[in-house]
Structure formats: C-alpha cells, structure tokens
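Written out below as structure tokens is the structure these notes cover.
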Amino acid sequence: DLGYASVCLASAAANSNTEEDYANKGKNIQAFLGSEGIGCKDVVLNDGYSDAPLAKSNIGAAIGWKDISVVESGENKNYKLFAVGVRGIAYEAEWAGNLRVGSSGDHQGFAEARDSVLGFILPYIRDHSSAGDNLKIWIAGYSRGGAVCNLVGGWLSSWLKDSTSIVG
C-alpha cells in the first residue's frame, strides 16, 4: 500500500534521536532506502542531514533509486523508481522557516526548502537515468517535509508538462 509505505518513508526521514553526531543523524533514512529496507541503490543524503540545522531554510533530504516492474493493462512495464524522503520530524532550528510566509506566491520558507530539495534531487536523477527511461518519483515527508514535498511535486508536474524529459 503506497499510503502506508509513504508514512514509513516520511518517518524514516526524521533525524535519528539516538545520535548526537550530525554525521549519523540520517542513519534511519539510509537504512530504510538502502539494502536494510526497500533496496534502493546509491542512497545519498544532502548536507541538511550532516550539518546542524541552524538555518531557517535548511532541509534534510535523501534519495535512492531502484528498478521496479508495474503491471499496467495486464502488461509488465519497467520503471526506474526514485525514492525521496524529506525530513519533517526532529529538525530543530529549521522550524523557523515555517514562520517565513512571505508577501506573495508560495510560502517563502517552504519555497526556499523546495528549491534546496530540487537542487539536490534533479542532478541525482539526471546522473542515474538515461533518455528513454520510464521514471517514477516517490517523495514523502511529514509536517514541514510534507509541505515541501507538495511544492516539489507541483514544480515537477508543471515542469514536465513543458518538457519532454527530466533527463535532458
């Protein structure tokens, strides 16, 4: 069930509260995405996990990929799945970004975090896929992370309407 799995992904994206060293705060999402969890390859965490979250627009994000097969209209179709977890639990000073509403357009604090996540995941997706690949992007977060995921998804949806490929 995608809903249940998304709750697990969003929960795993939280900082590990058993670790004091920020180099290890992302161990839950690494385990969930990697071989201990859903089996993604090349799991990478952005600097938002390893740096102490002092900035109001800081955000933790992680990504990995795996090949999947989906039955569509009775036929198997192969995809490259990119799983993205966005931290929204135990994120310390990042909460200050929640208060930066801005004067127009998208919520300023969430939009800055969206841009950070996009700047992290788009090069990764381009580096791990080829023209002609069928791609699926699964992104989940909780609270602030969920708001950022919605903005990332909206941006990707709008961008892909005007582009033939995310790969370039």
Between the Cα axis of helix 2-12 and the main Cα principal axis of the chain, the angle (0 to 90°, nearest 10) is 40
When the dipole is taken about the Cα centre of the chain, and only Lys, Arg (+1) and Asp, Glu (-1) are charged at their Cβ, what size is it in debye, to the nearest 20?
-> 240
With all protein chains present, the chain has a carbon and sulfur share of its accessible area (1.4 Å probe) in percent of 49
Provide the FRET efficiency to the nearest 0.05 for the Tyr79-Asp42 pair, computing r from the beta carbons and using R0 = 25 Å.
-> 0.95
Sorted on mean Cβ neighbours within 10 Å (highest first), peptides 124-134, 12-22, 26-36 come out as 26-36, 12-22, 124-134
One can check that the equivalent ellipsoid of the stretch 105-154, built from the alpha-carbon gyration tensor with semi-axes equal to the square roots of five times its eigenvalues, has lengths in Å, largest first, of 23, 11, 9
Given Lys25/Lys80; Lys66/Lys136; Lys27/Lys80, which pairs have Cα atoms separated by over 19 Å?
-> Lys25/Lys80; Lys27/Lys80
Could you give the semi-axes, largest first, of the ellipsoid that matches the chain, computed as the square roots of 5 times the alpha carbon gyration tensor eigenvalues and rounded to whole Å?
-> 26, 20, 13
Can you tell which of His128, Tyr49, Ser35 lies farthest toward the positive end of the dipole of the chain, using +1 and -1 charges on the Cβ of basic and acidic side chains (Lys, Arg; Asp, Glu)?
-> His128
Where does helix 108-127 land angle-wise versus the long Cα axis of the chain, in degrees 0 to 90, nearest 10?
-> 40
With r as the distance between the Cβ atoms of Ser35 and Leu2 and R0 = 25 Å, compute the FRET efficiency 1/(1 + (r/R0)^6) and round to 0.05.
-> 0.70
Cα axis of helix 144-161 to longest principal axis of the chain: angle in degrees, 0 to 90, nearest 10?
-> 40
Among 139-150, 61-72, how do they line up from the highest to the lowest mean number of other beta-carbon atoms within 10 Å?
-> 139-150, 61-72
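Before I look further, what does the chain give for accessible area per residue, probe 1.4 Å, in whole square angstrom?
Value returned for the chain: 51 Å² of accessible area per residue.
The values are calculated or read from the model by the stated rules, or taken from the named source; none is laboratory data. Since we're looking at a predicted model, the values are computed, not measured. With ideal geometry, Cβ positions are generated from the backbone for all residues, glycine too; neighbour counts draw on all protein chains shown. Quick note on the areas: whole protein, heavy atoms, side chains included, nothing else; ligands and nucleic acids left out. Shrake-Rupley method; radii C 1.70, N 1.55, O 1.52, S 1.80 Å.
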